[in-house]
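First comes the structure, then the notes that go with it.
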């Protein structure tokens with residue numbers, strides 16, 4: 001079953017993204033489960049590997065139905081807040097019981113500056129999803145020493161703009177790349193992803 005997966009990489013803006021995920025919410029986890037979605041677990045373990053205090057508040061940006069929050073909780077993170085465009089996806093996240101706070105966000109809106117030293121954007125930035133500007137927005141929202149874990153899938157990596165966005169932070173010393181690893185993303189559709197962790201300096 002790939003009814004919505006095939007559409008996910010072609011949406012063009014925040015309103016189309018919200019509409020897609022609202023429509024997809026009821027079958028999202030079943031479709032990803034059938035196709036072996038593993039990036040949340042990979043991201044959670046990557047962030048854990050470079051984090052000493054797992055009790056720091058963590059912002060799960062683009063949390064969807066909460067698969068990312070579950071992965072973070074299973075990795076040992078204890079204070080997780082979520083943001084997403086889709087109210088219907090957030091309803092699924094609420095049912096997981098892993099989030100301290102959940103809020104809907106408008107596309108392009110400013111992020112809350114609540115001192116999150118940890119942030120996750122799992123499968124959120126890239127082709128058919130959030131633009132590279134969101135990476136910059138998330139990095140600017142971090143305090144010095146804050147860490148962001150995120151992933152770029154194969155479709156995203158075909159566009160050099162996205163890795164160039166990482167270089168904008170690392171080449172000038174504004175951030176350090178702590179982790180980079182390629183691996184499975186959604187094996188059922190032969191899609192891989194690269195997981196990254198950036199630390200703001």
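No lab work stands behind these numbers, since they all come straight from the coordinates. Everything numeric in this text was worked out from a predicted model, so none of it was measured. Here Cβ is always computed from backbone atoms with ideal geometry, including for glycine, and neighbour counts include all displayed protein chains.
Tabulated data
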| quantity | calculated |
| --- | --- |
| Binned Cα-Cα distances of region 67-164, short to long, each 5 Å bin given as a whole percent | 2, 11, 22, 24, 22, 13, 4, 0 |
| Förster radius 25 Å - calculated FRET efficiency between residue 91 and residue 38 (Cβ-Cβ, nearest 0.05) | 0.55 |
| Residue-span extension gain [residue 163 to residue 136] - 0.36 nm each, minus C-alpha spacing | 8.5 nm |
| For peptides 78-85, 160-167, sequence by mean Cβ density within 10 Å, most packed first | 78-85, 160-167 |
| Computed label-point distance, nm, for sites residue 49 and residue 170 using a 7 Å Cα→Cβ extension | 1.4 nm |
